[in-house]
Amino acid sequence: MKTLIVIPAYNEQENIANLAKEITGYGYDYLIINDCSTDETAKILDENHFNHLDLPVNLGLAGVTRAGFMYAHDHDYDCVLCIDGDGQHPPVFMSSLIKEIQNGSDYVVGSRFLLKKKPLSLRMIGSRILCFLIKVKTGKTVTDPTSGMRALGKKVIASFNESMNFYAEPDAMCYLLHKGFNVKEIQVDMKEREGGVSYFANPLKSIYFMLCEILSIIFIQ
Amino acid sequence: MSSGLRLGLLLASLGVFLIIILSVIRRKLNIKYSIVWLLWALLSLAMSVFPESFYALSGLLGIQLPVNTVFLIMTALLYALTFYVYIMISKHNEEIIKLTYEVASLKKELDELKKKNEK
């Protein structure tokens, strides 16, 4: 099965070289997408001859993953796996996600809380709200809707390539469940960021993100 | 409507009309988008020249002051126009993502070809 690892990277000069070297070790095709970083990310990618796209303008995470899906669609890949460029998704778990796609799932999500208990932080309250909404809308139970570590089968790549209204992971997941795709979660562990700054460091952005997701899950997907 | 308001509306709509035409001539505004604005200016021109029609409309709607009818129409039109602009923004957003991807992947292919030629 032709598999592509998509790695969005925005200002990840500390992490990206290590991550890319680790992923190359597994032998899958990979594509790093540099979202118009303002630091040395582009230079590092060039010097190490990593397979990468340099976007001429900053698109944000949703746009970058779209670009990754377009690339996968153009090059006729059967499976796409998204891994964050900040090093929080350990590549050890890649093969187990890809194996599930091979076994016939359309969409596989690496969940932090399938077998482990969810902590009671502010962010996890947000996660619980999204779980509840997805349960109400689709009747299916999910444990980690915001997880960015996910694998897509061919049908899902084609559908994500077309539509503009998958703002982020939770509503994409809700859409697929609602449409009756075969969605599966498997347990993975994630690390804290190794460097750089998270998009969700800004509380206003988190609130905006939650509002978009709630609206999208209830009315759109 | 007072005669002062009528005169003001008349002058303003004539001014707007001129600005729109000049913008198109100076290639600052696309003709496609100027039509909406020209219709807008014509409407406010009509309002100031024939206020009687607005008195009749106000009576029909049960609005006591005709000037409020003018405000109502203006607000509704502004809403419609703003919504149209948001739709255009969404469309452009989508086009930008596609174009950005195309540019990036062409650049990648070009770089690879260059490297091949150097070898």
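Every number here is computed from the coordinates shown, using simple stated rules; none is lab data. Nothing here was measured: the structure is a model prediction, and the numbers come from that model. Note that each Cβ is placed from the backbone with ideal geometry, even for glycine, and that neighbours are counted across all protein chains shown.
So here's what we get for this one:
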item	result
Peptide-level mean, for A:55-63, of C-beta atoms on other protein chains within 10 Å	4
Extension gain from B:LEU113 to B:VAL67, taking 0.36 nm per residue of separation minus the Cα-Cα distance	9.8 nm
Residue with peak Gaussian network fluctuation, chain A [Cα springs, cutoff 10 Å], from A:ASN58, A:ASN48, A:ASN161	A:ASN48
Spin-label pair B:LYS28/B:THR82, simplified geometry with 7 Å Cα→Cβ offset, distance in nm	2.3
Within-12-Å neighbourhood charge of A:SER163 [Cβ basis; K, R +1; D, E -1]	-1
Residue pairs, from the table B:LYS98/B:LYS119; A:LYS179/B:LYS98; A:LYS21/A:LYS205, whose Cα atoms sit over 29 Å apart	B:LYS98/B:LYS119; A:LYS21/A:LYS205
Pair A:ASN18, B:LEU14: separation of 7 Å Cα→Cβ label points (nm)	7.3
For region A:83-121 and region A:1-75, distance of Cα centres in Å	19
Furthest towards positive pole of dipole, A:LEU176, A:VAL108, B:LEU5, structure part the protein assembly as shown, Cβ charges	B:LEU5
Normalised convex hull volume, chain A, alpha-carbon set, Å³ per residue	117
Computed [θ] at 222 nm, helices only, for the protein assembly as shown once each DSSP H run of length n ≥ 4 contributes -39500 (n - 2.57)	-19000 deg cm²/dmol
Trypsin sites (Lys or Arg not before Pro) lying in DSSP loop within region A:72-158, provided at most 15 other Cβ fall within 10 Å	A:LYS116, A:LYS117, A:LYS140
Under 11 Å from the B:LEU57 label point (7 Å along Cα→beta-carbon), backbone N, region B:73-90	B:73-77
Test item: Cα-centred dipole of region A:3-220, Lys/Arg +1 and Asp/Glu -1 on Cβ, debye	1280
Computed FRET value (nearest 0.05) for A:ASP74 with B:ILE96, which takes r as the C-beta separation and R₀ as 25 Å	0.90
